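S.K.: First, the structure itself, so that you have it in front of you.
The values are calculated or read from the model by the stated rules, or taken from the named source; none is laboratory data. All of these numbers come straight from a predicted model, not from anything done at the bench. Every residue, glycine among them, receives a Cβ derived from its backbone with ideal geometry; neighbour counts consider all protein chains shown.
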Amino acid sequence: MPLSTDVNLPRNHDAVFPDRCVRCDRITHGNKMRLRTHSITWLTSLLMVFGKPFTVHIPVCQTCASAIRNRELFSFLSCITVAGLTMFFVWPRVAHFVPEAISQWVAVGLILFTLLPFFLFSIFKPPAFDITAYPDSVDYEFRCADYAKSFAELNEDAEWVKTE
Ligand SMILES: [Zn+2]
């Protein structure tokens, strides 16, 4: 069970945020940062192909903007490093036992397996804010349940607001 509070809104809804930092809850005085992701579709789980990009501007103070960017950069570099080390050190020992026809799939599975600790870390120690975009909706994921509640109330005029 994820430890963030997720608010699902229609993708075409222009989400309204409280005028407070998503990370530290201080007043932001209009300061925002842009977050961008790609949609997850049924092709993503099969072929690692992502859909249309989705961008949102979130209220954040300058201190937290740096922290959020650093966490994103650290996560990205960590994943690249682990994937690279896996392919360099582990894959050569495994490749002899894998039939040629499925070797790419096994390699992808091996990388995903070695990244499992990162996925678990992001579930049990979620970032202050994250987004997951789907073709028709977006999950706005908040570590702070009170902030998520305020966000959901501000967007009550959306076609739907699902909180979990
Ligand atoms: Zn802040």
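S.K.: Considering every residue within region 68-87, establish whether at least one is buried (at least 16 other Cβ atoms within 10 Å of the Cβ), under 21 Å from the mean Cα position of the chain (by Cα) and within 22 Å of CYS144 (Cβ to Cβ).
M.R.: Yes, the conditions are met somewhere in region 68-87.
S.K.: Using beta carbons and a limit of 6 Å, which pairs, at least six apart or on different chains, have the first residue in region 19-31 and touching a residue at least 24 places away in the same chain (Cβ under 8 Å) and the second one small (Gly, Ala, Ser) and more than 6 Å from the ligand (Cβ to nearest atom)?
M.R.: Between residues of region 19-31 that are touching a residue at least 24 places away in the same chain (Cβ under 8 Å) and residues that are small (Gly, Ala, Ser) and more than 6 Å from the ligand (Cβ to nearest atom), the close pairs are VAL22/ALA128; ARG23/ALA128.
Here's the yes/no breakdown for (1) within 16 Å of the ligand (Cβ to nearest atom); (2) within 19 Å of PHE118 (Cα to Cα); (3) at pLDDT below 90; (4) small (Gly, Ala, Ser):
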site: CYS61; (1), (2), (3), (4): yes, no, no, no
site: CYS64; (1), (2), (3), (4): yes, no, no, no
site: THR81; (1), (2), (3), (4): no, yes, no, no
site: GLY84; (1), (2), (3), (4): no, yes, no, yes
site: PRO92; (1), (2), (3), (4): no, no, no, no
site: HIS96; (1), (2), (3), (4): no, no, yes, no
site: GLN104; (1), (2), (3), (4): no, no, yes, no
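S.K.: Let me ask something else. Mind telling me which of the residues ALA158, ALA145 ends up being in contact (Cβ under 8 Å) with a residue 40 or more places away in the chain, crowded, with 18+ Cβ neighbours inside 10 Å and of a type outside the set (S, T, N, Q)?
M.R.: ALA158
S.K.: Please verify whether region 130-137 includes one or more residues that are crowded, with 17+ Cβ neighbours inside 10 Å, aliphatic (A, V, I, L, M) and within 16 Å of the ligand (Cβ to nearest atom).
M.R.: no
S.K.: Also, quick follow-up: Can you confirm whether VAL108 is more than 20 Å from LEU154 (Cα to Cα), away from the ligand (no atom under 16 Å from the Cβ) and loosely packed, with under 15 Cβ neighbours inside 10 Å?
M.R.: So VAL108 fits the description; yes.
S.K.: From the list ILE68, ILE111, pick out the single residue that is touching a helix residue (DSSP H, G or I) at 6+ places or on another chain (Cβ under 8 Å), under 27 Å from LEU3 (Cβ atoms) and either of a type in the set (A, V, I, L, M) or not in a helix (DSSP H, G or I) (or both).
M.R.: ILE111
S.K.: Out of everything in region 114-164 that is acidic (Asp, Glu) and under 23 Å from CYS24 (Cβ atoms), what residue ends up being farthest from the chain's Cα centre (by Cα)?
M.R.: GLU153
S.K.: Something else about it: Of (1) modelled with pLDDT under 90; (2) under 21 Å from ILE40 (Cβ atoms), LYS125 satisfies all except one. Which?
M.R.: Answer for LYS125: the failing condition is (2).
S.K.: List, please: which pairs have Cβ atoms under 6 Å, are six or more places apart or on different chains, and start with a residue in region 111-130 that is small (Gly, Ala, Ser) and end with one that is surrounded by 15 or more Cβ atoms within 10 Å (Cβ to Cβ)?
M.R.: ALA128/VAL22; ALA128/ARG23; ALA128/ARG143
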